[in-house]
Each structure stands twice: as structure tokens, then as C-alpha cells.
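One structure below.
The values are calculated or read from the model by the stated rules, or taken from the named source; none is laboratory data. Treat the numbers as computed from the prediction; the structure is a model and nothing was measured. Note that we place each Cβ from the backbone using ideal geometry, even for glycine, and neighbour counts take in every protein chain shown.
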Amino acid sequence: MAYSPDFRTYPAAGGAATSAATIDVGLRSYMLRVYNWMASGLMLTGIVAYVVANTSLYDIFYPLVQTPRGLMHVPGALAYVSMFAPLAFVLVLSFGVNKLSTTAAQAIFWAFAAAMGASMMSIFKVYTGESIVRVFFITAGTFAAMSIWGYVTRTDLTKMGSFLIMGLIGIVLAGLVNMFIGSSGLQFVISVIGVVVFTGLVAYDTQRIKATYVQYAYQGGLPEANKRSVYDALSLYLNFINLFMMLMQLTGDRRGS
């Protein structure tokens, strides 16, 4: 849908006119709900990651094993499960959008955020606490600026979105290749491109969420708005997490270095 932020008055379902002011109030309330879901998911992810990394739970995910280089923490079965579990939750949420109840979607979102925290626990072992905090606030500032821009801009970001999706696919494919070759140079390129892609996706997804709400509002209201807000929060959450991880790889201070 080509999006223009210039609100007009359209006949809603039932024949009544929906005013721009009414839609604007509903939109602000809906966006606040989306941001609240996203923020609470990020908080749960951070708490789980910190607790697992700094308690005996870490030994369950990464048990100590005698190797030729001495005792070392190595990934256990649960560590691999935690790495792929978030993807499973995303797929369930994405393909179950029309089948899941609102309560089920919310429960899966919380489970996903917790699983993501378990999969990200290693950042507390690899990077210093100071750099994690610094990069988090840089990510939050960048996210806020781009999301606000995506909300208020009159520029249609649809074409940019198509380009960004292609960039995202390229990042995923390059990341899979780099899992086998382990090139630090390729990882640097992936991180730089990733920062650009996910920064742009924040603005694109914000505008998409706004445009979808406005479109349905003129037709009588957004269907299942409570459940829809969870899916929209998931999109912004993933953009935030990926932007944070790319910036950590670029600017994070590693322990012992």
C-alpha cells in the first residue's frame, strides 16, 4: 500500500464518517501498546540473559569439559536448543497469526523473549558490562530516532523496504557461509551492512504499522488489535535485538583484550 500521512475522512463500516482526530487518538494508543510490548520483551530478554550468564545455570548450557587445552566451557545440548528455539517461536507466531488466540500469541511472545535471552547469554561472557550498557543506549537512541522518523515522515518507505529485505536475506546467507569459514573480515562487513539494514527496517516497520492501522481504521477498526499489537511488537523487537548485536560486534569491548 502506498502510504501518505495526510489523513482524510473516509466512510467507515456502517456508513459513519471516521474523523482524522479519532483515528489519531486510536493510533497513538495502539503504537503505545506496541512499544510497551516491545520494551517488556526486551526487559525479559535482558534479565534472562544476565541471570543465566551469571549463575550456575550457565554450566547447564555450557558444561565444563576436559579438552587438550584444559577445562573449558563448551556448548551443550541445551545451548544448541536455546540458539534455535527463538526461530521456532518466530515461525509459530508468524504462521499462526490467524489461528492463535490473543492469549496464546501473548504467551508465545513471552516464551520467545525468554528463549532469546538464553540464546544471548554469551554476550555477558564475551563483552565487558560497560560496553554492553553503552551499546544498549546507543541502540536505544538510534531506534528511537528512526522510529520517530518512520512515524512522522511523509516519504513512502515501501521501495526502501524492498531493498532492506533483500539486504536482510543477504546478511542471513553471508552469516551462514561465515559459520563455516570463520572470516573476521566477512563478519565485519556483515555487521556494517547489518547496522544499515536494521536501522532502516526500524523506520520502515514503524511506518508500515502506522499505515496498516490507518487503513483499517477508515474501514471500521483494526481486526483483533490486541493480538495484532503483539505481532507488530515482534517486528520492532527483532530490529532492536539485531541492531544491538551488530553494534556489539562492531564496537563492543571484549573481556581480556
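For this structure, a couple of remarks:
- The one condition in (1) surrounded by 15 or more Cβ atoms within 10 Å (Cβ to Cβ); (2) under 19 Å from the mean Cα position of the chain (by Cα); (3) at pLDDT 90 or above that A105 fails to fulfil: (3)
- Residue match in region 173-185 (condition: under 21 Å from G46 (Cα atoms), outside any helix (DSSP H, G or I) and not aromatic (F, W, Y)): no
- Only one of N178, N242 that is surrounded by fewer than 21 Cβ atoms within 10 Å (Cβ to Cβ), among the polar types (S, T, N, Q) and in contact with a Phe, Trp or Tyr (Cβ under 6 Å, 6 or more places away or on another chain): N242
- Whichever residue in region 19-58 is of a type in the set (D, E, K, R) and loosely packed, with under 15 Cβ neighbours inside 10 Å and, among such residues, is nearest to the chain's Cα centre (by Cα): R28
- Sole residue being touching a helix residue (DSSP H, G or I) at 6+ places or on another chain (Cβ under 6 Å) and either among the acidic types (D, E) or in a loop (DSSP other than H, G, I, E, B) (or both), chosen from M116, M83, M121: M121
- I190 in contact (Cβ under 8 Å) with a residue 60 or more places away in the chain and in a helix (DSSP H, G or I): no
- The residues listed here are T199, T251, T142, T206; of these, the one that is under 25 Å from G117 (Cα atoms), in contact with a Phe, Trp or Tyr (Cβ under 6 Å, 6 or more places away or on another chain) and not acidic (D, E) is T206.
- So Y127, is it surrounded by 14 or more Cβ atoms within 10 Å (Cβ to Cβ) and within 17 Å of V34 (Cα to Cα): no
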